Every structure is written in structure tokens, then in C-alpha cells.
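The values are calculated or read from the model by the stated rules, or taken from the named source; none is laboratory data. Please read these numbers as outputs of a predicted model, since none were measured by experiment. Using ideal geometry, Cβ is built from the backbone for each residue, glycine included, and neighbour counts are taken over all protein chains shown. Quick note on the areas: whole protein, heavy atoms, side chains included, nothing else; ligands and nucleic acids left out. Shrake-Rupley method; radii C 1.70, N 1.55, O 1.52, S 1.80 Å.
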Amino acid sequence: QVQLVESGGGLVQAGGSLRLSCAASGSIFRLGTSGWYRQVLGKQRELVASVSIDGSTVYADSVKGRLTISRDNAKKTVYLQVNSLKPEDTAVYYCGLTYYGRTYWGQGTQVTVSS
């Protein structure tokens, strides 16, 4: 079984930065693709960044250049550095671990960007 716990969200002014962390338990962390997603109330959850087991990364076009995803397999943790935050980045950010077609989710962390 996998458990994911996000942290690092909060209230920040536009232009500021945050570093989100997602700590995993279980043995499959290093075997799966880790991703950060976000969801605004009433809208679908969307992928913002992912990092695969070989370290290759994918970013949504809307966040390219402002976000950096990284993973530390020894600590079973995936990070998301978010810079130049905009009010439209306000959302609940979820960590997801995908392994053999199944995605495990954390409980989410709220990020609110004030203008």
C-alpha cells in the first residue's frame, strides 16, 4: 500500500514562490512516475508536472518556466518548486504516484495566491 502526504501549501502573494513536498510510504515509490496535479473547485484535476523513474520531466504548457519538479528516491519524496506565482495558480495541489496504470493520491494541499 502507498500513502502520500503533501505539505508546503499556503497563502502567498502574486510573484512569490512555494516549495511543495510529497512524502511517500511503501516500496514502490522509486518504481512509479510521480506527478503534481491541481484542481480548482468545479473543474477537472489537471497534471502540471511529472517526473518518471529515469528522471525525465513533463510540464503543462501553462506552467512551463515557472515550475520545477524533482524527486529524491532515497527520501521517497517528490518536490514542486513554484515560482512567479499568479492568482490563477490558486488550487488544491495533489501528489500522484502512477504504478502499472494505477494512480495513488495524497490528500492535497491548498495553494492560494493573492493579487
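3J(HN,Hα) along the range 51-65: 9, 8, 5, 8, x, 6, 10, 9, 10, 5, 4, 5, 10, 4, x Hz, from the Karplus curve 6.51 cos²θ - 1.76 cosθ + 1.60 with θ = phi - 60°, whole Hz, x for Gly and Pro. Shown in residue order for the range 95-102 are the 3J(HN,Hα) couplings computed by the Karplus curve 6.51 cos²θ - 1.76 cosθ + 1.60 at θ = phi - 60°: 9, x, 10, 9, 9, 6, x, 10 Hz (x for Gly and Pro). In the elastic network of the chain, a GNM with C-alpha springs shorter than 10 Å, the most mobile of L31, L85, L97 is L31. For the range 108-115, putting each phi into the Karplus relation 6.51 cos²θ - 1.76 cosθ + 1.60 with θ = phi - 60° gives couplings of x, 9, 7, 10, 10, 10, 8, 8 Hz, in residue order, rounded to whole numbers and with x for Gly and Pro. The Rg/Rh ratio for the chain, using Cα coordinates for both the radius of gyration and the Kirkwood hydrodynamic radius, is 0.95. So which chymotrypsin sites (Phe, Trp or Tyr not before Pro) in the range 33-115 pass both tests, a DSSP loop state and at most 12 other Cβ atoms within 10 Å of the Cβ? Taking the range 33-115 and a limit of 12 other Cβ atoms within 10 Å, the loop chymotrypsin sites (Phe, Trp or Tyr not before Pro) found are Y100. Looking at the range 1-56, the accessible area is 56 square angstrom per residue; that uses a 1.4 Å probe and ignores ligands, DNA and RNA. Within the straight-line cut-off of under 19 Å between alpha carbons, the aspartates and glutamates reachable from K86 are E46, D61, sequence neighbours fewer than 8 places apart in one chain being disregarded.
Taking 7 Å steps out from each Cα toward its Cβ at S17 and Q3 produces label points 3.2 nm apart.
Overall, the chain carries a charge dipole of about 120 debye about its Cα centre when +1 sits on the Cβ of Lys and Arg and -1 on the Cβ of Asp and Glu, all other atoms neutral.
Amide H to amide H distances under 5 Å link G16 with L85, where only residues 5 or more positions off or on other chains count and H is placed in the peptide plane. Expressed as a whole percent, the accessible surface of the range 4-115 that belongs to carbon and sulfur atoms is 50, based on a 1.4 Å probe.
Put a dot 7 Å past the Cα of I53, heading toward its Cβ, do the same for A74, and the two dots end up 2.1 nm apart. The alpha-carbon atoms of the range 53-115, seen along their principal axes, cover 39, 24, 23 angstrom, with the largest extent given first.
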